[in-house]
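Data first, discussion second: the structure below is written as structure tokens.
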Amino acid sequence: MTTLNDSLKQQECDISLIDVIQRILSASKDISFRLQQGALAGILGATEEENVQGETQKKLDVISNDLLKDALKASPYVYGIASEEEDFAVPGNDGGEYLVTYDPLDGSSNIDINVSVGTIFSIMKTTGNSDLAQDFLQAGTNQVAAGYVLYGPSTILVITTGKGVSMWTLDNRIGEFVLTNDKVQIPAQTKEFAINMSNQRFWAEPVQAYVADLLAGEEGPIGKRFNMRWVAAMVAEVHRILTRGGIFMYPWDGREPSKPGKLRLMYEANPMAMLVEQAGGLCRTDSERMLEVAPTEIHQRVPVFLGSKEEVERAVSYK
Ligand code: FBP
């Protein structure tokens with residue numbers, strides 16, 4: 001049986017990076033157990049608190065964030081931490097070399113209805129910038145590793161260190177992630193799209209036109225019938241796309257015109273972009289390659305178009 005550590009060593013990951021990844025996974029195993037316990041563990045429902053995004057925090061948002069933060073702060077290799085649930089960058093260890101950003105529980109509106117959620121993480125190296133917040137503002141091309149842990153019917157780790165994408169299923173009998181797919185490739189074409197259709201009237205004209213052509217099916221200019229999915233958890237949408245292809249979109253919309261999108265660059269879009277590109281797909285904003293976006297702040301939002309190469313190229317070709 002190939003262990004994750006063996007596989008990461010084969011990918012020439014140094015011991016310090018393997019340590020950081022294993023710290024994330026030890027916290028994720030705890031989160032997975034608590035999710036399976038659900039109401040029995042008293043983890044359902046919301047707190048009175050709001051995070052920096054102005055979202056009401058779920059109890060498990062806070063619990064997951066603390067589990068990950070404590071696990072990472074205990075690593076001598078972690079220099080800084082940034083999280084969806086932390087207003088500011090959190091210092092790690094002076095001698096550390098890695099910066100870790102994470103969304104502790106993506107899709108948290110699904111917790112109380114027992115639908116899939118996940119932890120998304122991205123790892124970069126410090127640039128030595130004494131201003132920690134500035135140190136994090138590196139393009140996604142600087143990621144040395146990225147991945148997510150999907151808490152669904154089974155708990156699955158999907159990870160890349162820039163040498164392809166692999167999937168690992170948590171075997172609760174031994175408490176370890178076991179390799180279940182090491183040649184993840186996204187089909188270039190697809191007949192499946194994901195977008196929150198209830199926002200249609202707020203989309204910009206090019207997105208309105210593209211989605212109208214998807215819905216026109218065989219009689220339309222694209223000439224094929226598309227099916228639609230929406231799980232309201234990016235981690236589950238991306239997992240479906242890594243498994244069978246598709247296109248996922250969360251474009252700009254006029255509900256909050258000043259915001260370029262809903263999803264966050266540093267701990268949602270960039271880690272997913274690295275995974276999708278490593279699996280032969282594409283991830284873009286409405287104007288550029290996601291991994292080349294120059295970040296301006298840790299909780300920055302971006303419009304997202306990702307998935308099967310030919311379909312993403314078509315989606316962003318609408319002007
Ligand atoms: P968080 O749950 O981490 O805030 O993530 C945002 C998110 O839930 C994405 O996972 C998902 O794709 C999107 O928001 C769902 O948005 P909507 O509520 O518009 O369907």
Note the full-extension length gain between D171 and E12 as 0.36 nm times their separation in residues minus their Cα-Cα distance, in nm to one decimal. 54.7 nm
Straight-line reach only, C-alpha to C-alpha below 17 angstrom: list the aspartates and glutamates that K224 could link to, leaving out same-chain residues fewer than 8 apart. E192, D213, E310, E311, E313
Report the gain in length on full extension from Y318 to T127: 0.36 nm times residue separation, minus Cα-Cα distance, nm rounded to one decimal. 65.0 nm
When only C-alpha pairs under 8 Å and at least 6 residues apart count, what is the relative contact order of the chain, in percent? 16 percent
Rounded to the nearest 10 degrees, the helix 234-244 long axis (Cα) sits at an angle to the longest Cα principal axis of the chain of 70 degrees
Please list the three semi-axes, largest first and in whole Å, of the ellipsoid equivalent to segment 192-317, using sqrt of 5 times the eigenvalues of its alpha carbon gyration tensor. 22, 17, 13
Cα→Cβ-extended label distance, 7 Å offset, between M197 and V115, nm: 1.4 nm
Cα gyration tensor of segment 14-75, axes a ≥ b ≥ c as square roots of the eigenvalues: rounded (a/c below 1.5), prolate (a/b > b/c) or oblate? oblate
Two-decimal Rg to Rh for the chain - Kirkwood Rh, Cα set: 0.95
Relative contact order (%) - criterion: Cα under 8 Å, at least six apart; region: segment 192-317: 26 percent
Using alpha carbons only, how many degrees (0 to 90, rounded to 10) separate the axis of helix 205-216 from the longest principal axis of the chain? 70 degrees
For the chain, give me the percentage of DSSP beta bridges that are antiparallel, rounded to the nearest 5 percent. 85 percent
Where does the charge balance sit around S198 when Lys and Arg score +1, Asp and Glu -1, over other residues with C-beta under 14 Å from its C-beta? +2
Just want the ordering: M124, M272, from fewest to most Cβ atoms lying within 10 Å of their own Cβ. M124, M272
Taking the mean number of other Cβ atoms within 10 Å as a proxy for protection, how do you rank 115-123, 42-50, 132-140 from highest to lowest? 115-123, 132-140, 42-50
Set the Förster distance to 25 Å, then compute FRET efficiency between A209 and R255 from the Cβ-Cβ distance, nearest 0.05. 0.80
Within 10 Å, count the other beta carbons around each residue, average over each peptide in 143-156, 61-74, 223-236, and list them highest first. 143-156, 61-74, 223-236
In nm, give the distance between the simple-model label positions of V52 and D30, each being 7 Å from the Cα along the Cα-to-Cβ direction. 2.2 nm
How high is the FRET efficiency from Q37 to T243, r the C-beta distance, R0 22 Å, rounded to 0.05? 0.25
Whole number please: convex hull volume per residue, Cα atoms of segment 144-245, in Å³. 134 Å³
Magnitude of the Cβ-charge dipole of segment 192-317, K/R +1 and D/E -1, about the Cα centre, nearest 20 debye? 320 debye
Give the whole-number value, in cubic angstrom per residue, of the convex hull volume spanned by the C-alpha atoms of segment 4-181. 115 Å³
One would report the antiparallel percent of DSSP beta bridges in segment 4-181, rounded to the nearest 5, as 85 percent
Hey, which of these cross-link pairs are over 26 Å Cα-Cα: K9/K29; K59/K183; K29/K69; K29/K58; K69/K125? K59/K183
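No lab work stands behind these numbers, since they all come straight from the coordinates. Source: prediction; values computed, not measured. As a convention, Cβ positions derive from the backbone with ideal geometry for all residues, glycine included, and neighbour counts pool all protein chains shown.
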